[in-house]
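Report on the following structure.
The values are calculated or read from the model by the stated rules, or taken from the named source; none is laboratory data. Remember, it's a predicted structure, so these values are computed and weren't measured experimentally. Reconstructed Cβ throughout: ideal geometry from the backbone, glycine too, with neighbour counts over all protein chains shown.
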Amino acid sequence: MKMITLVTSALFAGLLSFAVNADDRPEADAELIQEFVEYCTEIAEDDGTGDLSLPEFLLICVNQELESEGYKPVKKLPE
């Protein structure tokens, strides 16, 4: 439950920040995005995804990590 609240809160904060700073941030390279996908997959395995599907959870989680590092969010994850 904590993770759902954290994810939801961060998503709204990220969306607000994205609207304000979208053009100022660099795009992350594919290697960094893949590292975040692996990290977020581990979180999902350990804590679950709540009411989200795994792909939804991973996209939100990866974008939170990108945001925290100062990168633009992605619209979809690499396959």
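Figure legend. Inter-residue proximity from the stretch 17-34: first residues small (Gly, Ala, Ser) and exposed (fewer than 14 other Cβ atoms within 10 Å of the Cβ), second residues modelled with pLDDT of 60 or more and not in a helix (DSSP H, G or I), beta-carbon distance below 9 Å, spacing 6+ or different chains. Indicated pairs: 22/72; 22/73; 30/78. The C-beta contact set for the stretch 37-49 (first residue over 11 Å from residue 62 (Cβ atoms), second residue modelled with pLDDT under 95 and surrounded by 15 or more Cβ atoms within 10 Å (Cβ to Cβ), distance under 7 angstrom, 6+ apart or interchain) comprises 47/3. Filtered by the rule that a residue be crowded, with 18+ Cβ neighbours inside 10 Å, of a type in the set (A, V, I, L, M, F, W, C) and not in a helix (DSSP H, G or I), the stretch 39-79 gives a lone residue, 52. For the stretch 21-38, enumerate the residues that are part of a helix (DSSP H, G or I) and modelled with pLDDT of 95 or more. Selection gives 30, 31, 32, 33, 34, 35, 36, 37, 38.
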